[in-house]
Amino acid sequence: MDNKKFGTMIDLLLMQKEFIKRHLAPGGVAVDFTMGNGHDTAFLSRTVGESGKVYAFDIQIEAIESTRRTLLAEGCPDNVTLIHDSHENAALYIKEPINAGMFNLGYMPGGDKTKTTMRSSTIKAVRTAIELLAPGGAITVAVYPGHAEGAAEGEELARYFATLDKRNFSCTEVRIINSPSSPYFTLVEKK
Ligand SMILES: C[S@@+](CC[C@H](N)C(=O)[O-])C[C@H]1O[C@@H](n2cnc3c(N)ncnc32)[C@H](O)[C@@H]1O
């Protein structure tokens, strides 16, 4: 990893992608659990390439439309299934093991701030993602504690991650400890 790239809030998002790339190869299966404007979906699509597969979820039709535009503008391979449903229902759509998944919690940048992820559905979706993980697979979960639901979501997720058996999973939290309201993320790797 290039250390010069990291160290600010926005660079934490880059760091997530660096971790994901270590677990995801061409031909792999990946999931964007919070597609928003589709930047993570596009990254996953390019990483798995023509022979791979990406599922992407969002509850807002605006996100589906925005992501479709992003994928087109970035010339991504035709390997993405856009799903207009809550990520807590992921198991209804995904019937195969996944190699990687990304959660960027919170609300859509530039969109309706009331349509934010909520801890009850987030926890269900993260549990499902972990159940779907193939050996050697990983998910990243980025939390935005600067708003009340985000802070509560982060606390509940941390309690859940702490229960995962260390013989099967490694959970690493990456955060700026002298800036507690900055975004941070957890990397969950299945052994
Ligand atoms: C921070 S944005 C994601 C940014 C996105 N990954 C990107 O690259 O542009 C969070 C997204 O989560 C979506 N969201 C909120 N609740 C959701 C749910 N239950 N299931 C799926 N997506 C949800 C929001 O609509 C919003 O678009």
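Given the options N178, N89, N79, state which has the largest fluctuation in a GNM of the chain using a 10 Å cut-off (strictly under) for Cα springs. It is N178. Note on the range 3-190: with charges restricted to the Cβ of Lys and Arg (+1) and Asp and Glu (-1), its dipole about the Cα centre is near 480 debye. DSSP beta bridges confined to the chain are antiparallel in about 40 percent of cases. Using the beta-carbon distance between D85 and R22 and R0 = 35 Å, what value does 1/(1 + (r/R0)^6) give for FRET efficiency, to the nearest 0.05? Working from the Cβ atoms, E equals 0.75. Note on the chain: with a GNM built from Cα contacts shorter than 10 Å, the maximum mean-square fluctuation among S170, S45, S120 falls on S120. In this simple spin-label approximation, H147 and V174 carry label points 7 Å from Cα along the Cα→Cβ vector, and these lie 2.4 nm apart. Among L71, L14, L24, a tally of other beta-carbon atoms within 10 Å of each Cβ gives an order, fewest to most, of L14, L71, L24. Only Cα pairs under 8 Å and 6+ residues apart enter the sum, and on that basis the relative contact order of the chain stands at 20 percent. Of all GluC sites (Glu not before Pro) in the range 10-63, which ones are in loop regions per DSSP and have a Cβ with at most 15 other Cβ atoms within 10 Å? Listed in order of number, the matching sites are E50.
Counting only whole DSSP H helices of the chain, the ones at least 15 Å long by C-alpha along their axis and with mean Kyte-Doolittle hydropathy no lower than 0.0 are 9-21, 61-73, 119-132. Charge dipole (Cα centre; +1 on Lys/Arg Cβ, -1 on Asp/Glu Cβ; no other charges) of the range 9-51 amounts to roughly 100 debye. Between A134 and L72, the contour length at 0.36 nm per residue exceeds the Cα-Cα span by 19.4 nm.
What length, rounded to one decimal in nm, is gained on full extension from I123 through to I61, with 0.36 nm per residue of separation minus their alpha-carbon distance?
Here the answer is 20.1 nm.
Exposure proxy for M102, M35, M15, M118: other Cβ atoms within 10 Å of each Cβ, ordered fewest to most, give M118, M15, M102, M35. Estimated at 0.36 nm per residue, the fully extended path between K113 and K166 surpasses their Cα-Cα distance by 15.5 nm. Each label point was placed 7 Å from the Cα along the Cα-to-Cβ direction; for E50 and K191 their separation is 3.9 nm. When only alpha carbons are used to place a centre, the range 50-93 and the range 174-191 end up 25 Å from one another. Go ahead and collect, in residue order, the members of the range 116-137 whose backbone nitrogen is under 17 Å from a label point 7 Å along the Cα-Cβ direction of A158. Inside the label zone: 119, 123. Dipole orientation for the chain: of the candidates H147, L44, P77, L44 has the Cα lying most toward the positive pole (charges on Cβ; Lys, Arg +1; Asp, Glu -1).
Taken together, the values in this text are just the output of simple stated rules run on the coordinates, not laboratory data. Remember, it's a predicted structure, so these values are computed and weren't measured experimentally. Note that each Cβ is placed from the backbone with ideal geometry, even for glycine, and that neighbours are counted across all protein chains shown.
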